[in-house]
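Comments concern the structure below.
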Amino acid sequence: MNIPINELIKYFANETIQFSDLFVTSLNPNIQDSNRYTAAHYNGLVITLSGSANFSLNGECYAVNKGVVLHAGPRMEINIEVTSDEPWHYVVLHYEVIESTVQFKNYHFTIDSGENHKIDYFVQQIIQTEKIPGDLNKLKCKSNFLHLIEVLLICAKMKTANNVVDHAVSFMTENYAQQIAIAEIAEEVGCDRRRLAYFFDKQVGMSPIQFLTEIRLKHSKEILRTTMMPVKEIAELVGYQDSFYFCRVFKKQYQMTPTDYRKRFLQY
């Protein structure tokens, strides 16, 4: 199953997840592991330490190696066949999703991260720390697991990176306070509007105008929190000539007006 990287980022960013446990094991070449199932109540990340294998979940086969991490859901039928000349050495990291709103826990898919020394580092940290009892080491495992997911997703996203999008992001970040239109941004990066919107959605997970709006509103929140500058001036400072329109956009995004936001969060 193929899950877009932006959907995975959204999932891991917004769900409450809890590292549970792990196990490390090996499977020799020419040996088939079948007729068993994944954990009944947990999701798992299958991470290769060395070698390679074909790993089937509910009949769908995935080629796994050090550049590809496999995600498995609960109670999935397993079939494994080693494809390397050496034993396939791997670790399974179990985690629990607390009150999930996105049912990725029922999905199996791969994260094509490529090889990266940071991935290796966090995997080894989790393996070593998980052996030691105590709440402090439990906290370290939790922290390292979240860092591992972050690195996996960053590496996977970098593999789909597009220079046009990077250029557009830089241009908007530097010029958000100006009266810039998407057509101007597309011209700046040498791409037509439709292709820019397509690339942007694929890599960033939102449209160029949504991204530009988010930049402007985040800057306006900072000004509202730290100054008593009039709302009209703040609107102009972040790229809105019409302060009434700015207020409508702000309220739609944060369910409160700029004035109400200031009253609640002003730093005295």
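Rg/Rh for the stretch 5-159 (Cα atoms only, Rh after Kirkwood) is 0.94. Computed 3J(HN,Hα) for the stretch 235-245, one whole-Hz value per residue from the Karplus formula 6.51 cos²θ - 1.76 cosθ + 1.60 where θ = phi - 60°, is 4, 5, 5, 9, x, 10, 6, 9, 5, 5, 5, glycine and proline marked x. For the stretch 163-265, what D do you get in µm² per second when you plug the Kirkwood radius from alpha-carbon pairs into Stokes-Einstein at 37 °C and 0.692 mPa s? Reported coefficient: 230 µm²/s.
Among the listed pairs LYS202/LYS232; LYS118/LYS138; LYS157/LYS218; LYS118/LYS202; LYS118/LYS252, those with a Cα-Cα distance over 29 Å are LYS202/LYS232; LYS118/LYS252. Length gained on full extension, ASN137 to SER84, computed as 0.36 nm times the residue gap minus the Cα-Cα distance: 15.6 nm. Give me the percent relative contact order of the chain, please, defined on Cα pairs under 8 angstrom at least 6 residues apart. Once divided by the residue count of the chain, the mean separation gives 16 percent. A simple spin-label model places the labels of ILE31 and TYR245 6.7 nm from each other, with each point 7 Å out along Cα-to-Cβ.
Each principal axis of the Cα atoms in the chain has its own extent, and those three values, largest first, are 70, 46, 30 angstrom. When the helices of the chain are scored as -39500 (n - 2.57) per DSSP H run of n ≥ 4 and the total is divided over every residue, the value at 222 nm lands at -15000 deg cm²/dmol.
Remark: C-alpha extents of the stretch 39-131 on the principal axes read 39, 32, 23 Å, sorted largest to smallest.
Each value in this text was obtained by applying a stated rule to the coordinates, not by laboratory testing. Computed from a prediction, not measured in an experiment: that's the story for all the values here. Because the Cβ atoms are built from the backbone with ideal geometry, glycine has one as well, and the counts that use them run over all protein chains shown.
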